[in-house]
Amino acid sequence: MNFGDNEFPVQTVGAQSAAMQVTYPATIKGVQDVEIRPKTSGFITRINVHEGQSVGAGQILFVIDNETYQAQVRQTQAAVNQAQAAINTAEAQLNTAKLQYDNSVQLHANGVIGDFELQSSKNAYTSAQAQVNQAKAALAQSQAALASAKEALSFCYVKSPASGVVGSLPYKVGALVSASSQPALTTVSNISAMEVFFSMTEKDVLEMTKSAGGLNAAVNNYPPVKLKLADGSMYPYDGKVVKVSGVIEASTGTVSMIARFPNPEHLLKSGGSGSIVVHRENNSVILVPQSCVLEVQDKKFVFVLGADNKVKYTEITVDPQNDGSNYIVTGGLKMGDKYVTNGLTKLTDGMEIVPITQEQYKKKIDESSKIGTDGSAKGFVDAMTGKK
């Protein structure tokens, strides 16, 4: 078989299936991350937890100086006791006034006393009733003050509102804190499951929504996603997309999405980072081996064979995601086009070539390897591979 310096293998563009994976930068957060802040101002007198400790809902995390609040509770408790004693006295006086009034009614009926004495007894009974009502109102007011004082005292005992894991503890015993202190006393994170936040382009979300028949359907039918951790390893559990923002971030043109992952070993930590990996099947795409593509200043080119057997230096656009071996071509090539696969560095725009098939090219390479290392064989191999 004769070897020609202007013979180059070409490939015809056809539809192929491609299994690609798309990655998105992601941040990891607990399903429930609660900032712990005091409701009152004061000095921290006790810290009951340490970083990374698991706590339950209602558990006391911090204690704030509460001597003043305890004094207010004692004072209002004394007022409640005093008001209760006043009620007891008023009720005793009411019972006495009632007995006197009942007796006066009997005496008036028998003609022993007149109307004036009866009315006086009735007025005394009515006044005793008013005293009891007034004492009860004073008791209710004192009890409200006591409840308020106890609530203020309870604010000195900062409790966890939910079960989870304690985050960092930026304050030490003796620090003055308040509801507006920055940072918060700590964060309690529920890490039994983790939410991983990532963003998709508006285009991807639109395609996903159209193909699924609506945003809710797209979320429900979204395939399981994987998580690549910061050290490059793959997290062993798959995640499920559970939420998609209905608002496009104007500055980035992206849509926020949330995938939920189980976290039984507590390997994932709130605030961590990683990458969401989505596997995507493309059933009818144009695939071009990366070895057939020339890159010049972030642009990609192939040599397309024309009807006159002249090659044209043609720019193509590709999907930014690839498998490391092939490009998915999104523009510049169409079905039926032919492009040169080997010897690209020997070509120039408009150069006329003799196209051969991939099978012919492979056969010539195989035959040349059998011939040995003589000049003619080596020259052909160098021509085909683009070596100088």
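Only residues that are outside any strand (DSSP E or B) and among the β-branched types (Val, Ile, Thr) were counted in the range 334-345, giving 2.
Among the residues of the range 216-233, are any of a type in the set (Gly, Ala, Ser), under 22 Å from HIS266 (Cα atoms) and part of a strand (DSSP E or B)? Within the range 216-233, not a single residue is of a type in the set (Gly, Ala, Ser), under 22 Å from HIS266 (Cα atoms) and part of a strand (DSSP E or B). Note on the range 136-214: enclosed strands (runs of 3 or more DSSP E) holding 3 or more residues that are open to solvent by 50 Å² or more (accessible area, probe 1.4 Å) are 186-201. Based on this model, can you work out whether SER17 counts as at pLDDT 90 or above, of a type outside the set (A, V, I, L, M), open to solvent by 60 Å² or more (accessible area, probe 1.4 Å) and over 30 Å from LYS243 (Cβ atoms)? Answer is no for this residue. Exactly one residue out of TYR237, TYR222 is out of contact with any Cys (no Cβ under 6 Å at 6 or more places or on another chain) and at pLDDT 85 or above, and it is TYR237.
Every test in (1) touching a residue at least 12 places away in the same chain (Cβ under 8 Å); (2) surrounded by fewer than 19 Cβ atoms within 10 Å (Cβ to Cβ) is passed by ALA217 save one, and that test is (1). Please report, ordered by residue number, the strands (runs of 3 or more DSSP E) entirely within the range 1-120 with at least 3 residues that are over 29 Å from the mean Cα position of the chain (by Cα). Hits in the range 1-120: 7-12, 15-36, 42-47. THR68 falls short of the stated requirement of being under 30 Å from GLY271 (Cα atoms), of a type in the set (Ser, Thr, Tyr) and open to solvent by 60 Å² or more (accessible area, probe 1.4 Å). Please specify each residue of the range 242-301 satisfying the condition of being among the β-branched types (Val, Ile, Thr), over 15 Å from ALA193 (Cα atoms) and open to solvent by less than 50 Å² (accessible area, probe 1.4 Å). Within the range 242-301, VAL244, THR254, VAL255, ILE276, VAL277, VAL278, VAL285, ILE286, VAL288, VAL293 meet the criteria. A residue that is open to solvent by less than 50 Å² (accessible area, probe 1.4 Å), farther than 29 Å from ILE316 by Cβ and either hydroxyl-bearing (Ser, Thr, Tyr) or in contact with a Ser or Thr (Cβ under 7 Å, 6 or more places away or on another chain) (or both) can be found somewhere in the range 220-228.
The number of residues in the range 31-49 that are over 28 Å from GLU195 (Cα atoms) and open to solvent by less than 30 Å² (accessible area, probe 1.4 Å) comes to 3.
The values are calculated or read from the model by the stated rules, or taken from the named source; none is laboratory data. Everything quoted here is computed from the prediction, not taken from an experiment. Glycine also receives a Cβ, built like all others from the backbone with ideal geometry; neighbour counts cover every protein chain displayed. The protein model used for the area step is the full one, side chains on, heavy atoms only, and it has no ligands, DNA or RNA in it. Shrake-Rupley method; radii C 1.70, N 1.55, O 1.52, S 1.80 Å.
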